[in-house]
1. I'd like the full set of residues that are within 20 Å of the chain's Cα centre (by Cα), among the aliphatic types (A, V, I, L, M) and over 17 Å from Pro188 (Cβ atoms), limited to region 109-146.
2. The conditions are (1) within 12 Å of the ligand (Cβ to nearest atom); (2) farther than 19 Å from Val224 by Cα, and Val176 fails exactly one of them. Which is it?
3. If you scan region 344-362, which residues turn out to be farther than 18 Å from Trp244 by Cβ, open to solvent by 40 Å² or more (accessible area, probe 1.4 Å) and out of contact with any helix residue (DSSP H, G or I) (no Cβ under 8 Å at 6 or more places or on another chain)?
4. For region 312-343, which positions are among the aromatic types (Phe, Trp, Tyr) and open to solvent by less than 30 Å² (accessible area, probe 1.4 Å)?
5. Being β-branched (Val, Ile, Thr) and without any contact (Cβ under 8 Å) to a residue 12 or more places away in the chain is the filter here; which residues of region 271-305 pass it?
6. Just name the residue that is most open to solvent (accessible area, probe 1.4 Å) out of those in region 207-238 that are out of contact with any helix residue (DSSP H, G or I) (no Cβ under 6 Å at 6 or more places or on another chain) and modelled with pLDDT under 85.
7. Go through (1) out of contact with any Asp or Glu (no Cβ under 6 Å at 6 or more places or on another chain); (2) more than 10 Å from the ligand (Cβ to nearest atom); (3) not in a loop (DSSP other than H, G, I, E, B) one by one and return the number of the condition Leu169 breaks.
8. Between a first residue in region 360-379 that is over 17 Å from Cys319 (Cβ atoms) and a second residue that is within 6 Å of the ligand (Cβ to nearest atom), which pairs have beta carbons less than 6 Å apart while being 6 or more apart in sequence or on different chains?
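The values are calculated or read from the model by the stated rules, or taken from the named source; none is laboratory data. Please read these numbers as outputs of a predicted model, since none were measured by experiment. We place every Cβ from the backbone using ideal geometry, glycine too, and count neighbours over all the protein chains shown. Heavy atoms of the whole protein, side chains included, go into the accessibility calculation; ligands, DNA and RNA do not. Shrake-Rupley method; radii C 1.70, N 1.55, O 1.52, S 1.80 Å.
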Amino acid sequence: MTNWNLLSDEEFARAATDFVERACPPELRHLPHRPRWEKSAGWYQAMSREGWLAPGWPVEFGGMGLEPSRHLIYLEIFERLGTPAVAPQGIVNVGPALIGFGTDEQRQEFLPKILSGEHRWCQGFSEPNAGSDLASVRTEARPDGDGYIINGQKIWSTGAIDANWMYALVRTDKSVRKQAGLSFIMFPMDQPGVTVRPIRTISGGEEFCEVFLDHVRASAAHMVGGLNNGWKVANGLLGFERLWSGSAHQCRQALVRLKQVAHAAGKLQDPAFLRQITRLELDVLDLASCYTRSTRNLQVTRRVGFEASMLKIWATETCQRIGELMMEVGGDAVLVQDGTDFDGRHLDALTPFLEARAPTIYGGTVQIHRNILSKNVLNLPN
Ligand SMILES: Cc1cc2nc3c(=O)[nH]c(=O)nc-3n(C[C@H](O)[C@H](O)[C@H](O)COP(=O)(O)OP(=O)(O)OC[C@H]3O[C@@H](n4cnc5c(N)ncnc54)[C@H](O)[C@@H]3O)c2cc1C
C-alpha cells in the first residue's frame, strides 16, 4: 500500500493528476451540477479501487491518511481538473462520524460499504421548522422490538434521490431538554414508508429533496453514540462539514474562473480590476494558511474548534465576493444559464455564481456561525 505522505508534494501532485486524467471521463468534468449516481458510479468505483476515494480517513479504515497540507493539494487538483463530487455524504460526513463515535461493529459493517459505493448516504437533519434551530427536530423514533419506528419529515436532504441509506437526527425523548432527547440513527431508504421528493434549486439542480418517513424501521444496532446522545454526534459531524467548507479550494477555483472571464472581457490589465482581484487573492492566501493551521491542530487535538466557524464564514463569503466581481466584469455576456461562448471559449459563470449562495447556508448559516463566535470567542451574551 502506498504511503502517500512519503512522496514529495510534486510527486504526489503528479500521481493525483495522472490518476484523474486516466480515470475520470471527460464528460464528467467541469459539470455545472453534481451528476446522478447512474452516470458517476464508474468514477466513484475507480477512485475506490485505486485508493483515491477517502483522502482524510485513516489508513486503517481504508483511507489515504493524508496529512492536512497534502489533503489540500488533493482537493486543489481534483477541483482544478473539474472532477465531480460523487455521493460525498458517506466519505465526508457519516464515515468520519462512525470513525469518531461509532462502535467497532458499526465501523466494520458500514465503512467498507461506503468505500465500495454499495451504500450511498444522505443527511436527514433539517426539518421544515428545524434548520438553524436543529434542536427542535420533531421526527420521532419510538422503540419497537429490537429497533425503532420512525415518523416525520426531513427537508433539504442533498442527494436523497440517489441515496439508499439516511443518517438522521430523531427525537427519542420528549420529556427532557430539547438537545438531550435526540439520537443519531441510520436506516435503509429502500423500505416501505420512505418517500423522496426532489426540490428544484435556483441554479436548476434537483439534488435537494424532501423525505417523508412513515413508520420507517431502524435497527437499534444502527444508533450511533448511544440513546439520546445524538446532539453530540451531530455536532461532531457538522464540525467536519464546516471545516471542509472552510477550505480555500473553492475560492481558488472561483479565482481561476474570474480570470478567464476577465480575460475574455479584456479587463485583465484594467487597474481598477487588478486592485479588486489582488485584494481577493490576498484574502484567499490568508484563508488557506489559516485553514492549514486549523487542520494541523485537528490532527493533534482530534477536535474541531470554533475556528471552523471563522473559516466557514471567510471561505464562503469570499467565494461570493469573487462571484460578484465575475458578474461585474463579465457583464451581460455571462448572464446565461449553463454557459455561453465567450471570446471563442465556453464559460459558465452564472451557475457557480448562483451556487455560491448555498455554502453560506448549509452546515449552519453564516449568521449562526457569527452567533457561535460572538458567544464563545468574544464572550458576548446570547
Ligand atoms: C445546498 C444546501 C444543502 C443542504 N443539505 C442538507 C442536507 O443534506 N441535509 C440536511 O439535513 N440539511 C441540509 N441543508 C439545510 C441547511 O442545513 C439549512 O438550510 C440551514 O441549517 C438553515 O436552516 P433553514 O433553511 O431552516 O433556515 P432558517 O433556520 O429558517 O433561517 C432563515 C434565516 O434566519 C437566520 N437565522 C435563523 N436563526 C437565527 C439566529 N438565532 N440568529 C441570527 N440569524 C438567524 C438564518 O441565518 C437565515 O438567514 C442544506 C442547505 C443547503 C442550502
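1. Correct list: Leu115, Ala130, Leu134.
2. So Val176 meets the others, but not (1).
3. Gly344, His346
4. The one that is among the aromatic types (Phe, Trp, Tyr) and open to solvent by less than 30 Å² (accessible area, probe 1.4 Å): Phe342.
5. If the condition is that a residue be β-branched (Val, Ile, Thr) and without any contact (Cβ under 8 Å) to a residue 12 or more places away in the chain, then Thr278, Val300, Thr301 are the ones that fit.
6. It comes out as Glu207.
7. Tallying (1) out of contact with any Asp or Glu (no Cβ under 6 Å at 6 or more places or on another chain); (2) more than 10 Å from the ligand (Cβ to nearest atom); (3) not in a loop (DSSP other than H, G, I, E, B), Leu169 fails exactly one: (2).
8. Listed by first residue and then by second, the contacts come to Ile368/Ser132.
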